[in-house]
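What follows is a single structure, written as structure tokens, with notes after it.
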Amino acid sequence: MLFILRQGVRLLLLIGLASFTAAASERGALRAVVSDSNTPPYAIFDDSGRLSAGLSKDILDALALVSQLDIQYLDLPRARIESWLESGQADIACFLNPDWVAEPSQYFWSPPLFATQQLFIRRADSPPINALPDLAGKRVGTTRGFTYPELEQVFALGDVIRDDAHSLQSNLKRLEQGRLDVVMSVDLSYYFFMNNGGVGNFGADPIWSAPPSVYCAISRHNSQLASRLIRGLNTLVDNKFIARQLRRYKGEQAD
């Protein structure tokens, strides 16, 4: 009898393990693009180049959890993100805006996640940047692969010189050395950098346009997956998860 009981328990364990394995194998994978051109705290990479922390990881890990998906992170240059979404090689990329991509109709769009204020960073002894004429003839540090709708025309005409770098830190170093006149950044990245060991005597002027909202762009190659992701992102917005994470990175008191 004891032998039969032991065999029965063993059989039940094997069945449970098989069921768990089958369930795990049925979970889909969410292929999420997080480029290392996303500055901290949007994305934080460890010394081996692996995404280890940051707002993007917080949001996408939570999205995978509520959507019951496994997650695979893809580190792509900003210039390749759109083509990978359009071809179905990637499922989602966040912190984008329809005005910042070539063909916004090629993607599904999430609800707005939050608004982000763009800043002109200058040396503190330089005059403020309050309007477009203040940039005339200046060399502006920008991030490679990123679009700046308010400045694209003057960049194209050569009235303002665009000078790309891979990171905000690199641009601020060049600004301090006098190799740039102005650096483009967003408020979250700049203040996070300065509050976490960043050095330099800078001033920050908000751009004259209203702060744009950022979204996640979702590939149209799998409409069922896209619907699932949009539902999940709506949940993360509605339950204030994203707002709480933002406050944490800004060093503000959570509710």
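The values are calculated or read from the model by the stated rules, or taken from the named source; none is laboratory data. Just so you know, these numbers come straight off a predicted model, no measurement behind them. Backbone-built Cβ (ideal geometry, glycine too); neighbour counts: all protein chains shown. We work out accessible area using only protein heavy atoms, side chains counted, and drop any ligands, DNA or RNA first. Shrake-Rupley method; radii C 1.70, N 1.55, O 1.52, S 1.80 Å.
Structure notes:
- Ala64 in contact (Cβ under 8 Å) with a residue 12 or more places away in the chain and farther than 21 Å from His166 by Cβ: yes
- In the range 178-196 there is at least one residue that is open to solvent by 80 Å² or more (accessible area, probe 1.4 Å) and at pLDDT 95 or above.
- Considered as a group, the residues in the range 40-49 that are out of contact with any Leu (no Cβ under 8 Å at 6 or more places or on another chain) and touching a residue at least 12 places away in the same chain (Cβ under 8 Å) include one that is surrounded by the fewest Cβ atoms within 10 Å (Cβ to Cβ), and that residue is Gly49.
- Candidates Pro112, Pro133, Pro127 - the one that is out of contact with any Lys or Arg (no Cβ under 9 Å at 6 or more places or on another chain), open to solvent by 60 Å² or more (accessible area, probe 1.4 Å) and in a helix (DSSP H, G or I): Pro133
- Here Ser52 meets each of (1) buried (at least 18 other Cβ atoms within 10 Å of the Cβ); (2) assigned to a strand (DSSP E or B) with one exception, condition (1).
- The C-beta contact set for the range 197-212 (first residue modelled with pLDDT of 95 or more, second residue part of a loop (DSSP other than H, G, I, E, B) and of a type in the set (S, T, N, Q), distance under 6 angstrom, 6+ apart or interchain) comprises Pro206/Gln117.
- Boolean, Asp70 is touching a strand residue (DSSP E or B) at 6+ places or on another chain (Cβ under 8 Å), open to solvent by 30 Å² or more (accessible area, probe 1.4 Å) and modelled with pLDDT of 95 or more: yes
- Some residue of the range 159-176 being open to solvent by 10 Å² or more (accessible area, probe 1.4 Å), in contact (Cβ under 8 Å) with a residue 24 or more places away in the chain, of a type in the set (A, V, I, L, M, F, W, C) and in contact with a helix residue (DSSP H, G or I) (Cβ under 7 Å, 6 or more places away or on another chain): yes
- Checking the range 66-87 against the condition returns no match, with no residue being assigned to a helix (DSSP H, G or I), among the hydrophobic types (A, V, I, L, M, F, W, C) and within 11 Å of the chain's Cα centre (by Cα).
- Criterion (open to solvent by 60 Å² or more (accessible area, probe 1.4 Å), modelled with pLDDT under 95 and touching a strand residue (DSSP E or B) at 6+ places or on another chain (Cβ under 9 Å)) met by exactly one of Arg80, Arg139: Arg80
- Condition check for Glu152 on (1) among the charged types (D, E, K, R); (2) closer than 19 Å to Gly137 by Cβ; (3) touching a helix residue (DSSP H, G or I) at 6+ places or on another chain (Cβ under 8 Å): one failure, at (3).
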